[in-house]
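Have a look at the structure below, then the notes.
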Amino acid sequence: MQKFLIVIEKAKKNYSAYSPDLPGCIATGKTVEEVEKNIYEAIEMHLEGMKEDNISIPASTAIAEYMVVQ
């Protein structure tokens, strides 16, 4: 089992998500819940494709934090 950071962004009419550690792995959804489900499935598919192509799965190195600015 691996953990990957995902970033969820609000667009005009939906949400989008991506993982900084998995370039090209993206998903969209009408709600946060939907985009979370879709990015989970996208990551699974992305990792399966990498395994099939004998590409090493990268270690998760991305981190996120909120910064308070006054």
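Working only within the range 1-20, note down all residues that are within 15 Å of Ile57 (Cβ to Cβ) and either surrounded by 15 or more Cβ atoms within 10 Å (Cβ to Cβ) or among the acidic types (Asp, Glu) (or both).
From the range 1-20, those within 15 Å of Ile57 (Cβ to Cβ) are 1-5, 19-20; that's our starting set.
Those that are within 15 Å of Ile57 (Cβ to Cβ) and either surrounded by 15 or more Cβ atoms within 10 Å (Cβ to Cβ) or among the acidic types (Asp, Glu) (or both): Phe4, Ser19, Pro20.
Could you say whether any residue in the range 58-69 is free of Cβ contacts under 8 Å to residues at least 12 places away in the same chain and within 10 Å of the chain's Cα centre (by Cα)? No: zero hits. Within the range 11-38, residues that are among the basic types (Lys, Arg) sit with their Cβ atoms under 9 Å from residues that are buried (at least 16 other Cβ atoms within 10 Å of the Cβ), at 6+ positions apart or across chains, in these pairs: Lys30/Tyr15; Lys37/Ala27; Lys37/Gly29.
Here is a yes/no grid of residues against (1) at pLDDT below 95; (2) at negative phi; (3) not in a helix (DSSP H, G or I):
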site	(1), (2), (3)
Gln2	yes, yes, yes
Leu5	no, yes, yes
Ala17	no, yes, yes
Asn38	no, yes, no
Ala42	no, yes, no
Leu47	no, yes, no
Met50	no, yes, no
Ser60	yes, yes, yes
Val68	no, yes, yes
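The values are calculated or read from the model by the stated rules, or taken from the named source; none is laboratory data. Note that this is a predicted model, so its numbers are computed, not measured. In this analysis, Cβ positions are derived from the backbone assuming ideal geometry, glycine residues included, and neighbour counts consider all displayed protein chains.
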